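Novice: Below is one structure. I have some questions about it.
The values are calculated or read from the model by the stated rules, or taken from the named source; none is laboratory data. Note that the structure is predicted; figures quoted are calculated from it, not measured. Please note: Cβ atoms are built from the backbone with ideal geometry, for glycine as well, and neighbour counts cover all protein chains shown. Please note that ligands, DNA and RNA were not included when accessible areas were found on the heavy atoms of the full protein model with its side chains. Shrake-Rupley method; radii C 1.70, N 1.55, O 1.52, S 1.80 Å.
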Amino acid sequence: SVAGAVAIIEGHIMPMNPNEALRSHVYLHNNIFFSRAIDNGLYDTYRVAKGDNAARKTASRDAASIGAMHKLDKEGLYTLATVVVDYLGTRITCQSVIPGLLHGENCHQCIYGAVETGSRLNSDEGMHKLIEDLIGKQFNVAT
């Protein structure tokens with residue numbers, strides 16, 4: 001992840017979406033998905049707390065939350081391998097790729113949450129119960 005993030009920031013890796021603005025660029029390198037932790041201005045993601053600082057903080061909190069869930073080691077709960085890399089003042093979120101996702105295959109799917117901002121949130125009653133029981137109780141979160 002570190003080598004890929006450095007290569008991206010130094011301009012050695014082409015984005016998957018080169019026709020979009022730099023702030024929206026995403027990358028795939030060595031089966032790792034990379035995105036900048038910045039407010040790209042789309043979807044009103046940071047409507048309340050606008051700006052890059054909110055995006056930077058969200059990226060590190062997402063990674064910490066995913067790490068905490070991973071440490072619980074609960075059968076049936078799967079997360080993406082996620083790490084945040086800071087290099088030359090740029091924060092990059094690096095994540096494993098859901099197999100088949102980029103090729104439209106239906107062998108794996110996101111059953112709870114969303115793949116990208118602005119897309120429909122998926123929900124599953126069984127997964128909601130698992131998250132509620134596990135996360136709600138472990139982290140004192142009420143639903």
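Novice: Would you please list the contacts, defined by Cβ atoms under 7 Å and residues six or more apart or on different chains, that run from a residue in the range 8-30 that is in contact (Cβ under 8 Å) with a residue 12 or more places away in the chain to a residue that is surrounded by fewer than 10 Cβ atoms within 10 Å (Cβ to Cβ) and among the aliphatic types (A, V, I, L, M)?
Specialist: Final answer for the pair search is Ile9/Leu88.
Novice: Could you please let me know if Ile111 is part of a loop (DSSP other than H, G, I, E, B) and either open to solvent by 60 Å² or more (accessible area, probe 1.4 Å) or at pLDDT below 80 (or both)? Working first, answer last.
Specialist: Details: part of a loop (DSSP other than H, G, I, E, B): yes; either open to solvent by 60 Å² or more (accessible area, probe 1.4 Å) or at pLDDT below 80 (or both): yes.
Here the answer is yes, as Ile111 does meet what is asked.
Novice: Scan the range 1-16 residue by residue and report those that are farther than 17 Å from Arg91 by Cα and within 17 Å of the chain's Cα centre (by Cα). Please lay out each step first, then the result.
Specialist: Looking only at the range 1-16, we keep the residues that are farther than 17 Å from Arg91 by Cα, and these are 14, 16.
Once the filter is applied, which keeps residues that are farther than 17 Å from Arg91 by Cα and within 17 Å of the chain's Cα centre (by Cα), the range 1-16 yields only Met16.
Novice: Output the residues belonging to the range 124-134 that are surrounded by 10 or more Cβ atoms within 10 Å (Cβ to Cβ) and either in contact (Cβ under 8 Å) with a residue 12 or more places away in the chain or charged (D, E, K, R) (or both). Steps first, answer last, please.
Specialist: Within the range 124-134, the first condition is being surrounded by 10 or more Cβ atoms within 10 Å (Cβ to Cβ), and the residues that meet it are 124, 126-134.
Passing the criteria: Asp124, Met127, His128, Lys129, Leu130, Ile131, Glu132, Asp133, Leu134.
Novice: What number of residues in the range 19-34 are modelled with pLDDT of 85 or more and open to solvent by 30 Å² or more (accessible area, probe 1.4 Å)?
Specialist: Residues meeting the conditions: 9.
Novice: Hey, any hits in the range 7-18 for a residue that's open to solvent by 40 Å² or more (accessible area, probe 1.4 Å) and at pLDDT below 90?
Specialist: Scanning the range 7-18, I find no residue that is open to solvent by 40 Å² or more (accessible area, probe 1.4 Å) and at pLDDT below 90, so the answer is no.
Novice: State yes or no: is Gly67 small (Gly, Ala, Ser), open to solvent by 50 Å² or more (accessible area, probe 1.4 Å) and either at pLDDT below 90 or in a loop (DSSP other than H, G, I, E, B) (or both)?
Specialist: Here the answer is no, as Gly67 does not meet what is asked.
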